[in-house]
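Below you'll find the structure, written out as structure tokens, and then a few comments.
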Amino acid sequence: MLLGVGVAAGVLSGMFGVGGGIIIVPSLIAVYAYTGFDSPYLVHIAIATSLFTIIFTSLSSSHKHFGHGNVEWKAALIIGLSSAITVYLFSKIAILMPGDTLKKIFSIILAIVAVKMLFDKKIDPALKDDSRTEVYSKWICFGIGILSGAIAAFSGLGGGVFVIPLMHYLMKVPFKKAVGTSSAAILITAIAGVFSYYLNTPAGLISIPYSFGMVDTISALPVIAASIPLARLGVYINRRTHHYLLTKMFALFILIVSVKLIFF
């Protein structure tokens with residue numbers, strides 16, 4: 001089951017620059033329910049474990065995107081480092097919140113983004129040119145990073161579901177370049193998130209064998225093993241798919257996931 005999750009997460013990471021948390025978190029929750037694992041911190045464990053796997057998946061996808069010239073490192077560093085600050089601060093709040101509340105926040109956030117992207121009008125013609133030079137605002141990148149860090153702490157996403165649309169709409173960055181840059185920024189966000197959940201591990205947490213704070217490393221390993229090579233396949237699909245179709249596929253997928261989490 002976890003290998004299958006890794007396959008899906010890897011492809012999604014490469015295609016959409018989302019890190020894979022969009023599928024890892026709900027899938028881990030389902031796997032825990034199936035295996036009978038129970039804890040008041042079950043959702044928190046899924047989030048921390050998701051962030052851990054995202055480190056490796058985003059490293060693989062960002063390396064491949066960089067090879068195609070779709071990573072703007074300056075923007076990625078600003079977004080990643082600013083998100084690292086908020087992911088640390090907000091993870092403290094997230095651990096104090098009930099798991100069901102976190103799941104609802106996660107679902108509603110995804111639904112809002114999905115509806116916006118799915119029903120948006122045709123993309124600005126200027127955004128079709130992946131080779132043009134962008135002018136990045138440091139302050140907009142900083143704001144995007146602050147928001148994506150908060151999202152990562154509360155939902156286990158690397159923040160790509162917000163980084164990509166905000167770069168796309170606010171700075172007019174072509175979708176494929178936004179995906180590549182998001183992959184690189186997510187790497188920094190995920191590392192900060194894992195250490196934050198480790199440092200804020202509650203004293204009453206049920207011990208998991210070979211765990212790293214709230215990270216369930218045993219469950220993470222098969223996800224990582226499958227996602228690393230499949231992330232590179234996802235980048236290949238991204239390169240071969242029209243940007244407009246990619247945005248709609250991205251929106252439809254996260255809408256399905258959010259609705260499932262809200263009602264099931």
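FYI, it's all coordinate maths here, none of it is from the lab. Predicted, not measured: the structure shown is a model, and the values here were computed from it. Heads up, the Cβs are rebuilt from the backbone with ideal geometry, glycines too, and the neighbour counts pull from every protein chain shown.
Observations, loosely collected:
- The chain - mean residue ellipticity at 222 nm from DSSP helices (-39,500 (n - 2.57) per run, n ≥ 4, rounded to 500): -26000 deg cm²/dmol
- For region 162-214, the set of chymotrypsin sites (Phe, Trp or Tyr not before Pro) satisfying both a DSSP loop assignment and a count of at most 16 other C-beta atoms within 10 Å is given as Tyr210.
- Summing Cβ point charges (Lys, Arg +1; Asp, Glu -1) relative to the Cα centre of region 2-263 gives a dipole of roughly 700 debye.
- Put a dot 7 Å past the Cα of Thr35, heading toward its Cβ, do the same for Tyr198, and the two dots end up 2.1 nm apart.
- Matching label, volume of the Cα convex hull per residue in Å³ computed from the structure shown, candidates (i) 141; (ii) 101; (iii) 122: (ii)
- Distance between the pseudo-spin-label points of Lys248 and Ile93 (7 Å out from Cα toward the beta carbon): 3.7 nm.
- For the set Lys92/Lys248; Lys104/Lys138; Lys104/Lys172; Lys74/Lys104; Lys64/Lys92; Lys64/Lys248, the pairs lying more than 29 angstrom apart at their alpha carbons are Lys92/Lys248; Lys104/Lys138; Lys104/Lys172; Lys74/Lys104; Lys64/Lys92.
- Summed residue charge, Cβ within 12 Å of Ile78's Cβ, Lys/Arg positive, Asp/Glu negative: +1
- Computed E for Tyr236/Leu118 - FRET, C-beta separation, R0 22 angstrom, nearest 0.05: 0.35
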